[in-house]
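Enquirer: Pasting in a structure now, in structure tokens, and then I'll have a few things to ask.
Throughout, read-outs are computed from the coordinates displayed, never taken from laboratory work. Being a predicted model, the structure only gives us computed values, none of them experimental. As a convention, Cβ positions derive from the backbone with ideal geometry for all residues, glycine included, and neighbour counts pool all protein chains shown.
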Amino acid sequence: MPRAELAFATPRKLPKASAVKGRVVVLDVAFASEASGGGFEKITKPFIDGLGPRLAAWVDHHDHALHERYKHDPRFVLATKAQHGACPEMVTRELCARVGAVDTIVCHTDFDGLCSAAKWLRGGEEPYEGADDDARAIDTRLGVPSATARRFDRAIRARPRDTALLGLIVRHLASGLSDDSLWRTIDDAGRELEAVEKVTHELARGYRRIDVLKVAVKGVTSIAFLDVTRKSDPQRRVRYDKTSLLLHGQERAAIALIVDGETLTLAAPFDSGVNFLELLGLSGGMPTLVSVQSSRLEEALRLLGVSRADVDSLR
């Protein structure tokens, strides 16, 4: 198995270019948008420029207006979410062979990103049969992932910042799941999600369903709104699963909106056709899932067709 160091990243938080060694491949990390506190020019571009010729490849499947800037650079293999629901399916044997050996893999911290890293280490071969499909099911929330993928996903969601766990997961995937002993740590982490899920279910009871005054976005006749900002509540220290909480909201209405402190998150089903990037004038991200400053709540509600009376009632 090729040796390469791992570095974990999100669109908002990339490692320093000087901190990653040798030739670098970036997997499943979107170009930052304006909602990321600095956007592409202050977050993504400095990393690209800092790596310079050491950047061997950047493979990603999240929409961004600035993909166009790099379309003639063969190092950038960029697609939209509609073209590729997940990143591992873009990591092919042909691509790995063309790029050649790398010293560092920078990958996103979800199952999609970790599976992409493992597949790269395997030269474009799936870690297990159906792993690409599992990544797509988890990332789009369409279809049903396998029991194997759910074990990984639960562990990641329970400890999303535990880099030791993330590294172990990549190792297990890259080995083709050959070491059964690694499951113990992964399953132990996954069980910690139960407490988080309990909090999430409790919070979901607070959703308010609001019918829109006029259909401003095709197919959207109502939204589910929830404010989980509870600065004075000691229970606020208990984590919740935002992805799951948003899905609870989508069971109640076409779009779920969550306010948590200074962050407003909007979500719609992957296959809904809703495009929050266009609606809110953002350059990149997932069309059906965005986070912006909560100061934009009134604007977002207005653009979605919510009546003035309902907007005022949420203040």
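Enquirer: Work through the residues other than Glu126 whose Cβ is under 10 Å from its Cβ and net out their charges, Lys, Arg +1 and Asp, Glu -1. Walk me through the numbers on the way to the answer.
Expert: Details: positive: Lys119, Arg122; negative: Glu89, Glu125, Glu129, Asp132, Asp133, Asp134.
Around Glu126, the surrounding residues sum to -4.
Enquirer: Would you work out if region 99-171 is rounded, prolate or oblate? Take a ≥ b ≥ c from the square roots of the eigenvalues of the alpha-carbon gyration tensor; rounded if a/c is under 1.5, else prolate when a/b is larger than b/c, oblate otherwise. Before the final figure, lay out each step's value.
Expert: Numbers: a/c = 2.01, a/b = 1.23, b/c = 1.63.
It comes out oblate by the Cα gyration axes.
Enquirer: Right, something else. On a 0 to 90° scale, report how tilted helix 242-252 is relative to the longest principal axis of the chain, with both axes built from alpha carbons and the result rounded to the nearest 10.
Expert: Computed tilt is about 40 degrees.
Enquirer: Given the options Ala97, Ala149, Ala135, state which has the largest fluctuation in a GNM of the chain using a 10 Å cut-off (strictly under) for Cα springs.
Expert: Ala97
Enquirer: If you average the alpha carbon positions of region 278-314 and of region 156-200, how far apart do those two centres end up, in angstrom?
Expert: Taking the Cα centre of each part, region 278-314 and region 156-200 sit 34 Å apart.
Enquirer: Reported to two decimal places, what Rg/Rh ratio describes region 196-313 when computed on Cα atoms with Rh from the Kirkwood expression?
Expert: Details: Rg = 13.7 Å, Rh = 14.4 Å.
So for region 196-313, dividing Rg by the Kirkwood Rh gives 0.95.
Enquirer: OK, next. Could you list Lys198, Lys119, Lys242, Lys214 so that the one with the fewest beta carbons within 10 Å of its beta carbon is first and the one with the most is last? Present the calculation step by step, with values, prior to reporting the outcome.
Expert: Numbers: Lys198 12, Lys119 28, Lys242 19, Lys214 9.
Ranking Lys198, Lys119, Lys242, Lys214 by Cβ neighbours within 10 Å, fewest first, gives Lys214, Lys198, Lys242, Lys119.
Enquirer: Next up: Let me have the 222 nm mean residue ellipticity of the chain computed from DSSP H runs of 4+ only, each contributing -39500 (n - 2.57), with the sum over all residues rounded to the nearest 500.
Expert: Numbers: 12 runs with 110 residues, N = 315.
Calculated from helices alone, the mean residue ellipticity at 222 nm is -10000 deg cm²/dmol.
Enquirer: Something else now. Just need the Rg to Rh number for region 53-132, please, alpha carbons only, Kirkwood Rh.
Expert: Details: Rg = 12.2 Å, Rh = 13.0 Å.
So for region 53-132, dividing Rg by the Kirkwood Rh gives 0.94.
Enquirer: What is the log10 of I(q)/I(0) for the chain, computed with the Debye formula using one identical point scatterer on each Cα and no solvent, at q = 0.06, 0.10 Å⁻¹?
Expert: -0.21, -0.59
Enquirer: Taking one equal scatterer on every alpha-carbon of region 149-250, how large is log10 of I(q)/I(0) by Debye at q = 0.16, 0.17, 0.18, 0.24 1/Å?
Expert: Here log10 of I(q) over I(0) equals -0.79, -0.84, -0.88, -1.19.
Enquirer: Ok, one more. Of Ala155, Ala204, Ala118, which has the largest mean-square fluctuation in a 10 Å C-alpha GNM of the chain?
Expert: Ala204
Enquirer: Continuing with the same structure: When ranked by the protection proxy of mean other Cβ atoms within 10 Å per residue, highest first, what sequence do the peptides 158-165, 288-295 form? Mind showing how you got there, number by number?
Expert: Working: 158-165: 14.8, 288-295: 18.2.
In descending order of packing, they fall as 288-295, 158-165.
Enquirer: Can you pull the Kirkwood radius for region 5-191, inverse mean 1/r over Cα pairs, to one decimal in Å? Each step should come with its number before you reach the end.
Expert: Values: mean 1/r = 0.0606 Å⁻¹.
So the Kirkwood estimate lands at 16.5 Å.
Enquirer: Could you sort 103-111, 257-265 so that the peptide with the highest average Cβ count within 10 Å comes first and the rest follow in order?
Expert: On the way: 103-111: 22.8, 257-265: 18.4.
By packing density, highest mean first, the sequence is 103-111, 257-265.
Enquirer: Taking neighbour Cβ counts within 10 Å as the exposure measure, how do Trp120, Trp183, Trp58 sort from fewest upward?
Expert: Numbers: Trp120 26, Trp183 16, Trp58 22.
Going from sparsest to densest Cβ surroundings: Trp183, Trp58, Trp120.
Enquirer: Find how many whole Å separate the alpha carbon centroid of region 61-114 from the alpha carbon centroid of region 4-25.
Expert: If we compute the Cα centre of each part, the gap is 15 Å.
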